[in-house]
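Below is one structure, written out as structure tokens, with a few remarks after it.
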């Protein structure tokens, strides 16, 4: 994707114009600001963790929420789970991490790394949708139960969701296990590798 169309209201008329994806993402980040839209801003979060990577990426990864390391650094997936994700991307898919885009459903760390609550998701997910619509990836990988269930609007377990391809906002969505789960259950890396082979096939095809 080269451009993202944006509409800005000025007085009584609308002015349409195009900007590249990086500028469009920067505009979304500026709109979020030092967000106080949900209760998480008052529950110990350090900063908003927006997203990182190539604004024109063909491949996007979506997790559930920042953890402690991400909250400190302001970058998604930088802790132990983040290192494993980097290995999956660079060693498994043979793609530099900087060439994909990584974001979360929720931009602020929930206290104690608990799952995000419905009101927090409802408040924050529109920003993720904007990121997806600007980047226009070919493939989205939903990392873990919560990320997959939120995007697909389902309560099915990740074990039932993974191994299949879903159409999602113009992309192909593949759910897989979260890297943090793999740290606790390394035997499941085999299934993730199967999912990544599917990702690789989709990236090579005209999706």
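Things worth noting here:
- Residue among 186, 110, 137 that is farther than 15 Å from residue 77 by Cβ, touching a strand residue (DSSP E or B) at 6+ places or on another chain (Cβ under 7 Å) and modelled with pLDDT of 95 or more: 137
- Highlighted here are the helices (runs of 4 or more DSSP H) found entirely within region 140-207 that include at least 2 residues which are without any contact (Cβ under 8 Å) to a residue 40 or more places away in the chain and more than 21 Å from residue 82 (Cβ to Cβ): 144-152, 158-161, 189-204.
- Looking at 75, 106, 102, just one residue is surrounded by 15 or more Cβ atoms within 10 Å (Cβ to Cβ), in contact (Cβ under 8 Å) with a residue 12 or more places away in the chain and over 11 Å from the mean Cα position of the chain (by Cα), and that residue is 75.
- Screening residue 82 against (1) more than 24 Å from residue 189 (Cβ to Cβ); (2) at pLDDT 95 or above leaves a single unmet condition, (1).
Every residue, every condition in (1) in contact with a strand residue (DSSP E or B) (Cβ under 7 Å, 6 or more places away or on another chain); (2) under 24 Å from residue 22 (Cα atoms); (3) part of a strand (DSSP E or B), yes or no:
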position	(1), (2), (3)
34	no, yes, no
46	no, no, no
57	yes, yes, no
62	yes, yes, yes
66	yes, yes, no
75	yes, yes, no
78	no, yes, no
82	no, yes, no
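- A Cβ distance below 6 Å, combined with a sequence gap of six or more or placement on separate chains, defines the contacts here; from region 42-56, residues that are surrounded by fewer than 19 Cβ atoms within 10 Å (Cβ to Cβ) reach residues that are modelled with pLDDT under 95 and in a loop (DSSP other than H, G, I, E, B) in the pairs 56/1.
- Subset of region 133-155 [closer than 23 Å to residue 204 by Cα and surrounded by fewer than 20 Cβ atoms within 10 Å (Cβ to Cβ)]: 133, 136, 138
The values are calculated or read from the model by the stated rules, or taken from the named source; none is laboratory data. No experiment lies behind these values; they were computed from the predicted model shown. Cβ sites come from the backbone with ideal geometry, for glycine too, and all protein chains shown count toward neighbours.
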